[in-house]
Amino acid sequence: MFKIGLTGGIGSGKSRVADMLAEWGASLVDTDEIARSLTAAQGAAMPAIEREFGPQALTPDGALNRDWMRGQAFADPRVRLRLEAVLHPVIGRETERQAAAAKGSYLVFVVPLLVESLARWRSRVDRICVVDCDPETQVARVQQRSGLTESDIRRIMAAQAARADRLEAADDVIVNDASTSPEQLRVRALSLHDRWLALASTTGR
Ligand code: ADP
């Protein structure tokens with residue numbers, strides 16, 4: 001199957017683009033959503049997390065206790081690596097499972113941190129598509145969407161890849177900045193969708 005890796009910084013608009021592609025017939029595999037469901041109550045990663053960190057890593061209903069984990073990771077950066085060591089293989093297996101079951105005209109992996117793990121993704125996808133947005137618009141959009149403060153948002157952005165590094169890794173770019181209306185975004189996404197459909201049919205994957 002022809003495969004796209006779709007990425008972009010927080011608030012860039014990648015979920016909006018992904019929803020449109022799905023509406024037009026692409027299959028989506030969303031790694032953030034997979035991570036969330038695996039760490040929700042009774043999620044498949046929870047037994048391994050409890051083995052690694054003990055019962056205090058779980059909320060009373062059995063989900064990942066994110067506040068506790070954040071506190072631990074803040075005190076000791078190795079905690080984050082231990083959590084990733086538990087989570088990454090489980091996320092990887094579920095990602096493969098969903099990809100193998102996909103039936104759409106092509107497959108889109110939605111990966112917020114794709115460029116941060118470029119070595120893993122480059123060989124797994126045919127094209128990397130970046131939804132590009134200026135930092136000020138990212139902050140404004142995320143502020144509107146969530147209860148996060150500006151400094152929270154800037155901290156998240158600082159931990160993500162730089163805009164230039166994302167663009168450097170991109171085969172395709174969808175500009176979705178402050179001057180882009182939802183209709184313009186749709187037109188840009190549709191034009192890439194058409195190109196990918198054509199590529200999907202000629203590569204025969
Ligand atoms: P991401 O998934 O990259 O974090 P989203 O797709 O959730 O970003 O977009 C962030 C917010 O900005 C959402 O509320 C979305 O509806 C809004 N948004 C994205 N692009 C535009 C646009 N071109 N015009 C208006 N609002 C937009």
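The values are calculated or read from the model by the stated rules, or taken from the named source; none is laboratory data. Note that the structure is predicted; figures quoted are calculated from it, not measured. When we count neighbours, we look across all protein chains shown, and the Cβ atoms used for this are built from the backbone with ideal geometry, even at glycine. What goes into the accessible areas is simple: the full protein's heavy atoms, side chains included, and nothing from ligands, DNA or RNA. Shrake-Rupley method; radii C 1.70, N 1.55, O 1.52, S 1.80 Å.
Summary table below
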quantity: Residues that are out of contact with any helix residue (DSSP H, G or I) (no Cβ under 9 Å at 6 or more places or on another chain) and more than 30 Å from THR149 (Cβ to Cβ), drawn from the range 2-61; calculated: ALA22, GLU23, GLN42, PRO47, GLY54, PRO55
quantity: Residues of the range 125-158 that turn out to be among the hydrophobic types (A, V, I, L, M, F, W, C) and more than 14 Å from the ligand (Cβ to nearest atom), as a count; calculated: 3
quantity: Per-region count, the range 3-18, residues surrounded by fewer than 22 Cβ atoms within 10 Å (Cβ to Cβ), farther than 24 Å from VAL79 by Cα and not small (Gly, Ala, Ser); calculated: 2
quantity: First in the range 130-159 and outside any loop (DSSP other than H, G, I, E, B), second anywhere and of a type in the set (D, E, K, R) and within 11 Å of the ligand (Cβ to nearest atom), Cβ under 8 Å, 6 or more apart; calculated: VAL131/LYS14; ASP132/ASP177; THR137/ASP177
quantity: Any pair with Cβ under 7 angstrom, 6 or more apart, that starts in the range 58-69 at a residue that is in a helix (DSSP H, G or I) and ends at one that is surrounded by fewer than 16 Cβ atoms within 10 Å (Cβ to Cβ); calculated: TRP68/GLN56
quantity: Residue in the range 118-129 that is surrounded by the most Cβ atoms within 10 Å (Cβ to Cβ), counting only those that are in contact with a strand residue (DSSP E or B) (Cβ under 9 Å, 6 or more places away or on another chain) and part of a helix (DSSP H, G or I); calculated: TRP121
quantity: Test: residue in the range 31-38 that is farther than 19 Å from ARG127 by Cα and among the polar types (S, T, N, Q); calculated: yes
quantity: Single residue of the range 164-185 satisfying the filter (assigned to a helix (DSSP H, G or I) and buried (at least 16 other Cβ atoms within 10 Å of the Cβ)) that is farthest from the chain's Cα centre (by Cα); calculated: LEU185
quantity: Some residue of the range 101-117 being open to solvent by 70 Å² or more (accessible area, probe 1.4 Å) and under 18 Å from GLN160 (Cα atoms); calculated: yes
quantity: Condition met for ILE4 (at pLDDT 95 or above, in a helix (DSSP H, G or I) and more than 10 Å from the ligand (Cβ to nearest atom)); calculated: no
quantity: Sole residue being in contact with a Gly (Cβ under 6 Å, 6 or more places away or on another chain) and under 15 Å from LYS3 (Cβ atoms), chosen from LEU114, LEU197; calculated: LEU114
quantity: Residue in the range 25-45 that is in contact with a His (Cβ under 9 Å, 6 or more places away or on another chain) and outside any helix (DSSP H, G or I) present; calculated: yes
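One line per residue, one yes/no per condition, for (1) within 30 Å of VAL175 (Cα to Cα); (2) open to solvent by 20 Å² or more (accessible area, probe 1.4 Å); (3) touching a strand residue (DSSP E or B) at 6+ places or on another chain (Cβ under 8 Å); (4) modelled with pLDDT of 95 or more:
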site	(1), (2), (3), (4)
MET20	yes, no, no, yes
THR39	no, no, yes, yes
PRO47	no, yes, no, yes
ALA57	no, no, yes, yes
GLU84	no, yes, no, no
GLU96	yes, yes, no, yes
